[in-house]
Amino acid sequence: MMHEPDQLAQEFIRNAVENGVLRFGEFTTKAGRLSPYFFNAGLFNDGAKLSLLAQFYARRLIASGLSFDMLFGPAYKGIPLAAAVAIELARLGHNVPFAYNRKEAKDHGEGGTLVGAAVKGRVLIIDDVISAGTSVRESLALIQHAGGTPCGVAIALDRQEKATALGADGQIHDVEHSAAQYVQQTHQLPVIAIATLHDLLDYLQTSAAPEFALFHAKVLAYRKQFGV
């Protein structure tokens, strides 16, 4: 049965490819897997690109209907993301405060590890991807300690692939859930992604560029091996 591709996701992926943020080839992931694609949100690295990325986050969040009172950006990548998304949400008529954390506590001035608005109410975490869930766990602890209630996580791309874990034998093993699924199941938090691996396959399949047919086959094979 045919499905209609998610138009916002397709627009996002097309822009990510055009800006060199999403690349195809052979890349080794942190888990040691040979991936046919690589996504680096850090390459949204000028004013126009960051503004564009923030627009995609804001549009996806508004479309999701998720209710939140403020944004939280985990250090370091989440800091400019939270600021940029807050600006774009305000431009669209949804003005919310934002905060972020330092990696090291400051012992002078305002002190502490949290910067920005007071952390309270329903707090949405903004990050680029969820790789191991470590950043999310740290953010949850900071938000809860400050008196806020985590209500979800927004990311740019959900790779929808099996996470890895250290086994009793001291070796790294695949597990049957993705990092995003782990966050959803363990912390009962929705994970909202601008785009997913499924959307990426849609893009490659429908693109007119002939070289993308080859990449589609490689990404599809990768999903069959490591997908959830």
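Whenever a residue of region 169-181 is without any contact (Cβ under 8 Å) to a residue 60 or more places away in the chain, its partners that are open to solvent by 80 Å² or more (accessible area, probe 1.4 Å) and part of a strand (DSSP E or B), lying with C-beta atoms within less than 9 angstrom and at least six residues away or across chains, give the pairs HIS173/LEU166.
So for region 99-113 (the condition being β-branched (Val, Ile, Thr), surrounded by 13 or more Cβ atoms within 10 Å (Cβ to Cβ) and in contact with a Phe, Trp or Tyr (Cβ under 9 Å, 6 or more places away or on another chain)), does at least one residue qualify? No: zero hits. Can you tell which of PHE72, PHE68, PHE98, PHE39 is within 30 Å of ALA221 (Cβ to Cβ) and aromatic (Phe, Trp, Tyr)? Of PHE72, PHE68, PHE98, PHE39, the one residue that is within 30 Å of ALA221 (Cβ to Cβ) and aromatic (Phe, Trp, Tyr) is PHE39. Confirm whether LYS224 is without any contact (Cβ under 8 Å) to a residue 60 or more places away in the chain and charged (D, E, K, R). Taking the combined requirement at face value, the residue satisfies it. Among all residues of region 89-98, there is at least one that is modelled with pLDDT of 95 or more, open to solvent by 20 Å² or more (accessible area, probe 1.4 Å) and assigned to a helix (DSSP H, G or I). Of the residues making up region 105-128, those that are assigned to a loop (DSSP other than H, G, I, E, B) and modelled with pLDDT under 90 are ASP107, HIS108, GLY109, GLU110, GLY111. All of LYS162, LYS120 fail the test of being touching a residue at least 12 places away in the same chain (Cβ under 8 Å) and either open to solvent by 80 Å² or more (accessible area, probe 1.4 Å) or more than 19 Å from the chain's Cα centre (by Cα) (or both), apart from LYS120.
The values are calculated or read from the model by the stated rules, or taken from the named source; none is laboratory data. Predicted model only: the values in this text are computed from it and were never measured. A quick note on method: Cβ atoms are made from the backbone with ideal geometry, for glycine too, and the neighbour counts reach across all protein chains shown. To get the accessible areas, we keep the full protein, side chains included, count just its heavy atoms, and leave off ligands, DNA and RNA. Shrake-Rupley method; radii C 1.70, N 1.55, O 1.52, S 1.80 Å.
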